[in-house]
Amino acid sequence: MALLAAGVAAVGVGLYLQSALSPGRVFELSEADFRSTEGAFVAALRGERGSAPDGMVAVAASNPVTALVLREDERQHAGRGEYLIRKDRTVEPLLIAAPHRRADRFTGTLARLIFSETDAAAAGWNSAPRRGLFGEQNDVAKLRRHPFTAFALAFAATYPSGRVVQLHGFDRDRRRTKAAQGASVILSGGSARPSQAVASVSSCLQESGRMGQILVYPTDVDELGATQNAQGRALRGAGFAGFVHVELSLALRRQLVNDANLREHFARCLASGL
């Protein structure tokens, strides 16, 4: 496991999101490497030194928050993802994840803003494009043995009563049902029955009256239910009930990035019930 580089100056959290995506092909880990990566993430979340997984480095970050950044070694291009762990104050057991930044416009920026403006314990996003140079799929949300899944499981092990929120974007014009075509938010937990976590987030969002139509899968709509989401499936298999998959229309994503007051309410709702 890699150590935190001695003497590295703290850098702004935003620099990691603004950096170019790696051009590399995303691969799944072996089962042994996956478990090793999960263990290293658990150690990092618990504040233990020398806890970056193999192939990754740990860097201190600051401005606007103090955090540990776990990112891929710059000599490698395997799309392992980038992860932030808050270190500057008491945390809320909330992980904000954006597995499709760039492809799902504004989701990466929104994840960074929410992490910076709240007490969320952790954040994570993809470091390789969702589609590779030759059209291959690099979708980390579909890979069971990927560091993105390992980080979610490590978070659940560290905060068993916490919440893992994934931010996604959908195109209303590409949806097959009228319900989805008119929605601003579609919430799901990836299962056939809405979880208490999904219900709590939905109820809070409904109260604002400023976010358009809020739908819950499968009660209100029968698509975008995240039933095949690798992180959701792994978390449910581990007995973790706090996975919330959030699909946002482009109009609402843009509004949330530009409207700090609306974003504050949205972020508060993501943690509702914790």
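Divide the volume of the convex hull around the Cα atoms of the range 95-135 by the residue count and you get 49 Å³ per residue. Any chance you could give the angle, 0 to 90 degrees and rounded to 10, that helix 147-158 forms with the longest Cα principal axis of the chain? On a 0 to 90 degree scale, this one is about 90.
Counting every pair of alpha carbons in the range 134-178, the share spaced more than 12 Å apart comes to 73 percent. Calculated [222 nm] ellipticity per residue, helices only, for the chain: -9500 deg cm²/dmol; basis is -39500 (n - 2.57) per DSSP H run with n ≥ 4, divided by all residues, nearest 500. Taking only the Cα atoms of the chain, the ratio Rg/Rh comes out at 0.94, with Rh defined as the Kirkwood radius. Shape verdict for the range 36-136, please, from the Cα gyration tensor: rounded (a/c under 1.5), prolate (a/b greater than b/c) or oblate. Since a/c reaches 1.5 but b/c is at least a/b, the shape of the range 36-136 is classed as oblate. With the highest mean first, a sort of the peptides 142-151, 213-222, 169-178 on other beta-carbon atoms found within 10 angstrom per residue produces 142-151, 213-222, 169-178. Normalised size of the range 50-106, defined as Cα radius of gyration per 2.2 N^0.38 Å with N residues, equals 1.25. Only four residue types carry charge here, +1 at the Cβ of Lys and Arg and -1 at the Cβ of Asp and Glu. Report the dipole size of the range 178-274 about the Cα centre in Debye, rounded to the nearest 20. The calculation lands at about 140 debye. Taking Cα centre as origin and charging only the Cβ of basic (Lys, Arg, +1) and acidic (Asp, Glu, -1) residues, the dipole magnitude of the chain rounds to 340 debye. Could you tell me which of Gly55, Ala111, Leu153 has its Cα farthest along the dipole of the chain towards the positive end, charges placed at Cβ (Lys, Arg +1; Asp, Glu -1), taken about the Cα centre? With unit charges placed on the Cβ atoms, the residue in question is Ala111. How fast does the range 161-233 diffuse by Stokes-Einstein, in µm²/s, taking the Kirkwood radius from C-alpha pairs at 25 °C and 0.890 mPa s? Taking Rh from Cα pairs, D becomes 193 µm²/s. Could you work out the percent of alpha carbon pairs in the range 95-192 separated by over 22 Å, rounded to a whole number? Here the long-distance tail beyond 22 Å is 36 percent of all Cα pairs in the range 95-192. Taking the Cα atoms of the range 180-274, the ratio Rg/Rh between the radius of gyration and the Kirkwood radius comes to 0.96.
Projecting the Cα atoms of Phe266, Gly237, Leu252 onto the charge dipole of the range 228-274 (Cβ charges, centred on the Cα centre) puts Gly237 farthest toward the positive pole. With everything on Cα atoms, drop me the angle between helix 107-117 and the longest principal axis of the chain, reported from 0 to 90° to the nearest 10. Value to nearest ten degrees: 80.
Compared with the dominant principal axis of the Cα atoms in the chain, helix 31-45 is inclined by about 90°. Accessible area ranking (1.4 Å probe, heavy atoms, ligands and nucleic acids excluded), largest first, for Phe106, Phe27, Phe243: Phe27, Phe106, Phe243.
The values are calculated or read from the model by the stated rules, or taken from the named source; none is laboratory data. These figures come from a predicted structure and were not determined experimentally. Neighbour counts run over all protein chains shown; Cβ positions are idealised from the backbone, glycine included. SASA here: full protein model, heavy atoms, side chains in, ligands and nucleic acids out. Shrake-Rupley method; radii C 1.70, N 1.55, O 1.52, S 1.80 Å.
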